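Structure, as structure tokens:
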2 protein chains.
Amino acid sequence: MEDRASDKPTRPNLAAVAALAGVSPSTASLAFSGAGPVSDATRARVLAAAEQLNYGGPDPRAQSLRRGRSGIVGVVMEDRLREAFRDPMNIAMLDGLADELGTAGLGLLLLTEPGSGGPELSVAPMDAVVLVGCSTQLDKSVVALHQRGIPVVAIEAEHMPDVLSIDLDNRDATATAARHLQQLGHSRVALVTLPLEPTHARGELTEERIAGSTAFTSKERIRGARDVFPSIGGVVAAGSSVEEGLIAGRELLAADRPTAVIAQSDLLALGVIRAAEELGIRVPDDLSVVGFDGVRIEGAAPYELTTLVQPAVEKGRAAGVAIVELLAGGSPAPRGFTSEFRVGNTTAAAR
Amino acid sequence: MEDRASDKPTRPNLAAVAALAGVSPSTASLAFSGAGPVSDATRARVLAAAEQLNYGGPDPRAQSLRRGRSGIVGVVMEDRLREAFRDPMNIAMLDGLADELGTAGLGLLLLTEPGSGGPELSVAPMDAVVLVGCSTQLDKSVVALHQRGIPVVAIEAEHMPDVLSIDLDNRDATATAARHLQQLGHSRVALVTLPLEPTHARGELTEERIAGSTAFTSKERIRGARDVFPSIGGVVAAGSSVEEGLIAGRELLAADRPTAVIAQSDLLALGVIRAAEELGIRVPDDLSVVGFDGVRIEGAAPYELTTLVQPAVEKGRAAGVAIVELLAGGSPAPRGFTSEFRVGNTTAAAR
DNA sequence: AAGTCTTCTCGAATCGATTCGATCGATTCG
DNA sequence: CGAATCGATCGAATCGATTCGAGAAGACTT
């Protein structure tokens, strides 16, 4: 305790512990990691020395340099946290992902798209990266990651070379819902889509916007709707929330209103229903509404949304499994998930 | 030349780039970081060499070792992600935190309490840690962090030495709400509390459980209620959600029911209201309900909860600011936030 | 007693970059 | 014209640990 009074204000390192214990640094390392044959007596001496020096164990920074692994997986979401976490889908997915990664001892580093002022995607010590519903603008970042040899998994994103895809049948699923409406006799159908641009601008759904959009999921679902209703139009929401659905709904239902609405998320769908309620339009009698995701929303009662139930947790879990495999040197196959069409009480025959 | 020989399957490093560019590693480093005087010509040569070698820039792992900083801040939440993110409070707080840290270029690493199978709190290369509503069981982990010289900020946690506290007036706020009920003439009042143990067990609120509890926020709020109603009892929920509130409410309202309920979160409060609806008990006529948090909940209409509005985003932001200051070598002062009592339409005079 | 194994420990190289002080040439000042 | 100055570049030490091959000491066989 009195050994080195004040001439060593520096934090102890493994070498100091080893010196105090009278062993070499290599032996001390072995004693801590337990990765080699060390006599009990020696280990005890090392541990005692560590305690005396108030040494908290090997420095993770040094370990990650030496081992070439940091135990950290980056998750890039396109929105601000507040936006992204508003939708239960994202949370469910993140939960599956965290669960799978957690058991592998990997931590989750939250990142946002470059340029949003957050931590730079390229300077974080990550072992792998998950892209969640990200725009295609990430191309350059992905390239940078590849130069580093960091594997990339993308959930619902445009296919990119050397990026493992975890997909959802967005197009087919939406087409199924659209066909359902068609069979119910609806022909004046409108869309409420998720944001099409990184700016999250509201507004009418135009061909130009679709063409210029970087939002993969959104576009796929539009395609699905158009497989059935080729000229379907609608409005673009600024996010996935009930409020946005409400705003979109008010606009859609103001004049010359459709008999059915395809919303690209359950939250949006609920918002549209709220707008209908405001205007005295009955759902499903006067207006049919379908959603997407299949989340249970508090306060949706008495409505049971007609929607597409997607396996959100499973998607995240699959991404986690893929990452663990990739880090182990394997080459997992891409996965595609399918949504299940669930008929609720928000769609009915057109009148 | 011998550049593209196949005997080098290894990833290029700064030294290789420097060699190809015909400069020393130190100069190459300067060229990348821009932290020193380097001629334009040299920088260009280095960059060209990097491109030719497909070098993606300095390795973050090595940088963090050398600099002693990784740019990562750990966030420890007591629950599983799915649990924690269910409550809008946590998300709001996280948003404030992420916002503040993001502008400082710091990333957010999601961690769970030790023992929950997640990544070990002690092996992640973090510069600082935020504890969010964590139990006091973290003592040992906190000690370990301190040995490493990692500053710790705790949001609503029992005070610990060398841990910067960001607090909320949980006790006083709850007392204010309780007094409100008292003034309305209520005397048979019951509590619905947040979980008291890490196991998240439901059940009756007993003295033993309170005494053995590790949940700081929950206990503080109980104290506040008891400042007004010394012998108040109630039930413990297994989490902060409408479903849990519903379960708790059913139990509380089954027999010998109280005339008012103090729920420890808005979600729980809404659940209690739902339970009352089920049983044909009118709120606020037959039952007064107060919540805590002041979040806008979808589907709460027509109820306007009487609740305590807490500055969640600000709490997170304050933690972020504190961390940035701590990392800059400063010593920020602890902060205490106060909640604002907001009277809605869920409380009324006792009959 | 010589020889073969084990078991434990050590030395030295390595991971990839940063940074401080020194050097060297060229320009400028007195 | 010699000296002081300045900009650009380099060398070498350093951050803190891991790992592999080698060596030493003891246990066991024959």
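The values are calculated or read from the model by the stated rules, or taken from the named source; none is laboratory data. Please read these numbers as outputs of a predicted model, since none were measured by experiment. Because the Cβ atoms are built from the backbone with ideal geometry, glycine has one as well, and the counts that use them run over all protein chains shown.
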Q | Search result, residues across segment B:191-233 that are part of a loop (DSSP other than H, G, I, E, B), within 21 Å of the chain's Cα centre (by Cα) and buried (at least 19 other Cβ atoms within 10 Å of the Cβ) | A | B:Leu194, B:Pro195, B:Leu196, B:Ser213, B:Ala215
Q. All but one of (1) more than 7 Å from every other protein chain (Cβ to nearest Cβ); (2) farther than 27 Å from B:Arg171 by Cβ; (3) of a type outside the set (Ser, Thr, Tyr) hold for B:Leu106; which doesn't?
A. (1)
Q: Scan segment B:30-56 and report the pairs whose first residue is closer than 15 Å to B:Ala15 by Cβ and part of a helix (DSSP H, G or I) and whose second residue is among the polar types (S, T, N, Q) and within 11 Å of DNA strand C (Cβ to nearest atom), with Cβ atoms within less than 8 Å and a gap of 6+ or a chain change.
A: B:Val46/B:Thr27
(Q) Can you find, within segment B:16-29, the residue that is nearest to DNA strand D (Cβ to nearest atom) among those that are part of a helix (DSSP H, G or I) and either more than 22 Å from A:Arg61 (Cα to Cα) or among the charged types (D, E, K, R) (or both)? (A) B:Thr27
Q: With the checklist (1) away from every other protein chain (no Cβ under 11 Å); (2) touching a residue at least 12 places away in the same chain (Cβ under 8 Å) in hand, flag the one item B:Asp127 doesn't pass.
A: (1)
Q.
Quick check on segment A:21-42. Is at least one of its residues touching a Phe, Trp or Tyr at 6+ places or on another chain (Cβ under 8 Å) and within 27 Å of B:Ala128 (Cβ to Cβ)?
A. no
Q.
I need a count of the residues in segment B:289-304 that are surrounded by fewer than 17 Cβ atoms within 10 Å (Cβ to Cβ), facing another protein chain (nearest Cβ under 9 Å) and under 16 Å from B:Val272 (Cβ atoms).
A. 1
Q: Assess whether A:Leu20 counts as being more than 23 Å from the chain's Cα centre (by Cα), more than 9 Å from DNA strand C (Cβ to nearest atom) and modelled with pLDDT of 95 or more.
A: yes
(Q) Among (1) in a helix (DSSP H, G or I); (2) touching a residue at least 24 places away in the same chain (Cβ under 8 Å); (3) at the interface with chain A (Cβ under 7 Å from one of its Cβ atoms), there is one condition B:Ile91 misses while meeting the rest; what is its number? (A) (2)
Q. Within segment B:253-263, is there a residue that is within 30 Å of A:Glu278 (Cα to Cα) and charged (D, E, K, R)?
A. no
Q.
Could you check segment A:162-190 and list, in sequence order, the residues that are in a loop (DSSP other than H, G, I, E, B) and surrounded by 19 or more Cβ atoms within 10 Å (Cβ to Cβ)?
A. A:His186
Q. Within segment A:127-140, which residues are surrounded by 17 or more Cβ atoms within 10 Å (Cβ to Cβ) and in contact with a Ser or Thr (Cβ under 7 Å, 6 or more places away or on another chain)?
A. A:Asp127, A:Gly133, A:Ser135
**Q.** Residue list for segment B:252-270, filter: without any contact (Cβ under 8 Å) to a residue 60 or more places away in the chain and within 14 Å of chain A (Cβ to nearest Cβ)
**A.** B:Asp266, B:Leu270
Q.
Name the residue that is nearest to B:Asp99 (Cα to Cα), counting only residues in segment A:66-84 that are more than 16 Å from DNA strand C (Cβ to nearest atom) and assigned to a loop (DSSP other than H, G, I, E, B).
A. A:Arg80
**Q.** Residue under evaluation B:Glu207, criteria (1) among the acidic types (Asp, Glu); (2) away from chain A (no Cβ under 14 Å); (3) touching a residue at least 24 places away in the same chain (Cβ under 8 Å), criterion not met
**A.** (3)
Q: Taking the options A:Glu78, A:Glu83, name whichever one is away from every other protein chain (no Cβ under 11 Å) and either touching an Asp or Glu at 6+ places or on another chain (Cβ under 8 Å) or touching a residue at least 60 places away in the same chain (Cβ under 8 Å) (or both).
A: A:Glu78
Q. From the list B:Ile262, B:Ile281, B:Ile247, which one is part of a helix (DSSP H, G or I) and either modelled with pLDDT of 95 or more or in the same structural domain as B:Leu184 (by TED's automatic domain parsing) (or both)?
A. B:Ile247
Q) Does segment B:109-119 hold any residues that are at the interface with chain A (Cβ under 7 Å from one of its Cβ atoms) and either modelled with pLDDT of 90 or more or over 15 Å from A:Val73 (Cβ atoms) (or both), and which are they? A) B:Leu109, B:Leu110, B:Gly117
Q. In segment A:25-65, what count of residues is obtained for those that are within 7 Å of DNA strand C (Cβ to nearest atom), surrounded by fewer than 13 Cβ atoms within 10 Å (Cβ to Cβ) and within 14 Å of chain B (Cβ to nearest Cβ)?
A. 0
